[in-house]
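This report refers to the structure that appears directly beneath it.
The values are calculated or read from the model by the stated rules, or taken from the named source; none is laboratory data. None of these values were measured; they are calculated from a predicted model. All Cβ positions, even for glycine, are placed from backbone atoms using ideal geometry, and neighbour counts span all protein chains on display. The accessibility values were calculated without ligands, DNA or RNA, using every heavy atom of the protein model including side chains. Shrake-Rupley method; radii C 1.70, N 1.55, O 1.52, S 1.80 Å.
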Amino acid sequence: MFSVKLNGKVALVTGAGRGIGKAIAQGLADCGARVAVNDIDPKTAGLTASLLPGAAKSYSADVSDAAAVETMIDRIMDDFERLDILINNAGIEPHASILEMTDEQWRMTLDVNLSAAFYTSRAAGRIMRERGEGVIVNIASIAGHNIPLRNRSSYVASKAGLIGFTRECAREFAAYGIRVNAVCPGVIETEMTQNLRQNPEQMAKWLADIPQGRLGQPDDVVGLVLFLCSDASRYLTGQAINVDGGKVML
Ligand code: NAP
């Protein structure tokens, strides 16, 4: 696995109870960072934290709740006294056609996938500004670009919005030494993509469009995130980078 030096850094990873977030938390901890593991589910957050080397702690909070985010960041500052890296990873992907989607499904997707990144970036940005440095990585999706994804309009809108927010946040936060980038995974083998993976017809279509000929594993996303968290990417901000086996080429 690709490795960078993050000793002394404190990182918050949201939605890290399983899947891509869990792999990112592991990657950051392996590189020496102390990791604040967030998930809405206290059990999975605690389990991830218990598996990490170094001083990891778990924080159960719904990141779509602005007040809960403020409280969580205060607790992280009490526990670790600094926050250097924020990974906005928590996400949901409801499936419904536009004609069938409920207001609640639409709102929840935008709240978890987009508004949460605003709440955490605002709170973490204030702390990072004090030190004059910091890194924010938003886990968006190739769905935020123009690719066909049926029955996922709220997800596509939230991820396109997250890429837009990433750019604006990068422009505003550059003055404070904070870099902000988005990572756009293709289809990764996690619980989120279980339905797609169980549909042989859809799977065949997806695989036919991936030059590398396979779906991604959570670990395939980690190397890029670590690079973006490290000084090796010090002149890189405001970008949305695909990690998708070559499916989308911009
Ligand atoms: P996942 O396996 O479903 O994991 C998502 C995690 O986020 C779960 O542990 C979930 O907790 C947690 N979560 C959900 N809502 C939350 C909230 N309001 N507050 C805090 N935690 C919350 O998904 P994944 O595949 O690892 O996806 C991670 C990120 O990558 C998402 O943003 C997703 O959109 C993005 N992504 C995934 C793929 C893919 O193919 N898998 C592709 C592109 C982008 P619970 O289980 O308790 O709900």
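The figures follow:
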item: At R0 = 41 Å, FRET efficiency that the Cβ-Cβ distance of GLU81 and TYR235 yields, to 0.05; result: 0.90
item: Å² per residue, accessible surface of the stretch 141-250 at 1.4 Å; result: 51 Å²
item: Residue-by-residue Karplus 3J(HN,Hα) for the stretch 147-156, coefficients 6.51, -1.76, 1.60, Hz, glycine and proline x; result: 10, x, 9, 6, 6, 9, 4, 5, 5, 4
item: For a label point 7 Å along the Cα-to-beta-carbon line of GLU201, residues of the stretch 117-155 with backbone N under 18 Å; result: 148-152
item: Histogram of C-alpha separations across the stretch 24-83, 10 Å bin width, %; result: 25, 54, 21, 0
item: Largest to smallest accessible area among LEU47, LEU52 [probe 1.4 Å]; result: LEU47, LEU52
item: Furthest towards positive pole of dipole, VAL180, VAL4, ALA116, structure part the chain, Cβ charges; result: VAL4
item: Protection proxy ranking, peptides 37-45, 67-75, average beta carbon neighbours within 10 Å, highest first; result: 37-45, 67-75
item: Rg(Cα) / (2.2 N^0.38 Å) computed for the stretch 1-121, rounded to two decimals; result: 1.10
item: Ranked by how many other beta carbons lie within 10 Å on average, peptides 96-106, 159-169 from highest; result: 159-169, 96-106
item: Accessible surface of the chain [probe 1.4 Å, protein heavy atoms]: carbon and sulfur percent; result: 49 percent
item: Under Karplus coefficients 6.51, -1.76 and 1.60, residue-wise ³J(HN,Hα) of the stretch 107-114 in Hz, glycine/proline x; result: 4, 4, 4, 5, 5, 6, 7, 10
item: Debye intensity ratio I(q)/I(0), log10, the stretch 198-250, q values 0.23, 0.24, 0.28 Å⁻¹ (C-alpha model); result: -0.94, -0.98, -1.12
item: Mean projected area in nm² (Cα convex hull; one quarter of hull surface) for the stretch 84-161; result: 5.3 nm²
item: Tail fraction, Cα-Cα pairs, the stretch 117-247, threshold 17 Å, whole percent; result: 61 percent
item: Calculated P(r) tail over 35 Å for the chain, as whole % of Cα pairs; result: 9 percent
item: Set LYS9/LYS159; LYS5/LYS159; LYS57/LYS159; LYS205/LYS247; LYS9/LYS57 screened for pairs whose C-alpha atoms are more than 20 Å apart; result: LYS9/LYS159; LYS5/LYS159; LYS57/LYS159
